[in-house]
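Below: the structure, in structure tokens.
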Amino acid sequence: TVILGLFYLFYSRFLSGAIPDDFLKSIREEDPSVEVVVDLSDNFITDLSSSLTTFTNMNLVLVDSDITSPAPEELCDTDHTGWTAGMVGQVRDGGALNACNAILCPPGSYNKDGRLSVTTGCNVCTSCTTFGCTSCIDETPTNGNKVCEILNKLFTKISGRTWYNNGNWLVVGKDRCDY
């Protein structure tokens, strides 16, 4: 239900697969221009539905959701400048090559917010293999601690970001005793 022109949905750690085409269908049919905030962070979503292009003012948070396909290009065109709290339009106006990076950083990069902003880019990180990474495994630990490297790889492999207590994992400079 839309209340005062805003719809908010938060759903974490339970979704997997592609976002279905009928996702938020009733809101799309009621008023596709309503401000929609959807936080699906920390899920196992693989693809975004092109049906999301109906919305012109959506803040879709998908960071750390194992997304393997890019956002549909239509989400980043001039009709969708209101996406991610207007960041898609600001990034486009700022001359970025790919305004879709304002929705999710591409594989091979990360940002603490999982997406590019006007002030913060997507940083190179070869260990990020999906869209929307928020952290980067230090592939060559400066302290030479092989145990930390192994634990970080284990954490990533078994979806440690979904754990209830996952603080300090993958944080460069943290000791394994701080996990």
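Just so you know, all these numbers are worked out from the coordinates, no wet-lab data involved. In this text, all values refer to a predicted model and were calculated from it rather than measured experimentally. Here Cβ is always computed from backbone atoms with ideal geometry, including for glycine, and neighbour counts include all displayed protein chains.
Label separation (Trp163 vs Ser51): 3.6 nm, computed from points 7 Å beyond Cα along the C-beta direction. Around the amide H of Leu9, modelled in the peptide plane, lie the amide H atoms of Val37, Val38, Asp39, all under 5 Å away and 5 or more residues distant in sequence or on another chain. With θ taken as phi - 60° and the Karplus curve 6.51 cos²θ - 1.76 cosθ + 1.60 applied, the whole-hertz 3J(HN,Hα) list for segment 78-88 is 5, 7, 10, 5, x, 5, 6, 6, x, 5, 4 Hz, x standing for glycine and proline. Farthest toward the positive end of the dipole of segment 6-124, out of Cys76, Val37, Asn101, is the Cα of Asn101, where the dipole comes from beta carbon charges about the Cα centre. Counting 0.36 nm for each residue step from Ser69 to Lys153 and taking away their Cα separation leaves a gain of 28.0 nm.
Shape of segment 6-124 from the C-alpha gyration tensor: oblate (a/c of 1.5 or more and a/b not above b/c, with a ≥ b ≥ c the square roots of its eigenvalues).
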